[in-house]
Amino acid sequence: MPEREAVMILVDNSESSRNGDYTPTRYDAQADAVSIIFQHVVQGNPESSVGLMSMAGKGPEVLVTLTTDQGKILDGLHRTKKNIRGAANLATGIKIASLALKHRENKNQKTRIIVFVCSPIEESESELVKLAKKSKKNNISVDFILFGDIDEDNEKKIENFVKAVKGSEGSNMVTIPPSSSLLSDQLLATPIILGSRAPGGSGGGDAGAEGAEEFPYGVDPSMDPELALALRMSVEEEKARQERVAREEAEKAKKESLESVKEEGEDQPLLDENGQASGSKKDADKGSKSDDADKMDTS
């Protein structure tokens, strides 16, 4: 059984996360991957817990403190999707995550930070290395998932951070370029999920793409059937949830659109608050009165 962990996940909700080079967007690709990581950590050890942070918007923000409730994580991701703006503040985000881990209830948990980076890193290399050394001193491992704006400057800064923070295990950098595979699928075969069992060991790199192509969920079912099944179920549940939310939002938007539409020359909407034709009751009353009048004439 994996060791008990306290994990803070930092998502990049900067303007760059709107880009659609990862399916469906960089932000949504992160959200799927966060769900996979949560499932892996919590199902791996019932004493493990996961928290969530955003790095952009008005500034780094703790969205969810350490929890085992995936619903809270999904809610935090949904709220953050409405707050995509600005630039990511990597250094401040890691500092706040470190404080959140320091105040964890279970002091027996190993501490870990997982950072998604899909935008240019504004901090200097020296600032990041200094932060990495402090994280190492506090026994916090830091993993990076680099995608989106993959350039030499970003890679060099993160590589030097990882070198400075890396202990006997943990602290990896994984680079995942755009491809036909989902970001979450490619992540499954990397050290972020598999640790030393990942292809190529714990050195990181871009081995995730190769693993994801070889097996549907990046894990050989014959080697670890329980993990493969859990990951498959997690992916299917998340896709079903997203489809349900999309349908509900579409139905809500359609209803609001119909309620706001008015006939030309009319002062009331086509539908009343009960979803019925707004003039149906009046027309029925008029019809009733007209019938009564006809009956009187006949008599």
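Inspect segment 80-101 for any residue being out of contact with any Lys or Arg (no Cβ under 8 Å at 6 or more places or on another chain), in a helix (DSSP H, G or I) and more than 15 Å from I9 (Cα to Cα) and give the result as yes or no.
Yes, segment 80-101 has at least one match.
When segment 116-149 is examined, which residues are found to be in contact with a Cys (Cβ under 9 Å, 6 or more places away or on another chain), open to solvent by 20 Å² or more (accessible area, probe 1.4 Å) and in a strand (DSSP E or B)?
The answer is none; no residue qualifies.
Quick one: in segment 32-52, which of the residues that are open to solvent by 10 Å² or more (accessible area, probe 1.4 Å) and among the small types (G, A, S) is nearest to the chain's Cα centre (by Cα)?
Among them, the one singled out is S49.
If you check V165 against the conditions, is it open to solvent by 10 Å² or more (accessible area, probe 1.4 Å) and among the hydrophobic types (A, V, I, L, M, F, W, C)? First the steps, then the outcome.
Numbers: open to solvent by 10 Å² or more (accessible area, probe 1.4 Å): no; among the hydrophobic types (A, V, I, L, M, F, W, C): yes.
Judged against the criteria, V165 is not a match.
Right, T65: over 15 Å from D12 (Cα atoms) and either open to solvent by 20 Å² or more (accessible area, probe 1.4 Å) or at pLDDT below 95 (or both) or not?
When the stated conditions are applied, T65 passes them.
Within segment 68-86, how many residues turn out to be under 19 Å from E5 (Cα atoms) and open to solvent by less than 10 Å² (accessible area, probe 1.4 Å)?
Of the residues in segment 68-86, 1 are under 19 Å from E5 (Cα atoms) and open to solvent by less than 10 Å² (accessible area, probe 1.4 Å).
Failed condition for I158, given (1) under 21 Å from Q186 (Cβ atoms); (2) touching an Asp or Glu at 6+ places or on another chain (Cβ under 7 Å); (3) not charged (D, E, K, R), with all others met?
I158 satisfies every listed condition except (2).
The values are calculated or read from the model by the stated rules, or taken from the named source; none is laboratory data. Note that this is a predicted model, so its numbers are computed, not measured. Note that we place each Cβ from the backbone using ideal geometry, even for glycine, and neighbour counts take in every protein chain shown. We work out accessible area using only protein heavy atoms, side chains counted, and drop any ligands, DNA or RNA first. Shrake-Rupley method; radii C 1.70, N 1.55, O 1.52, S 1.80 Å.
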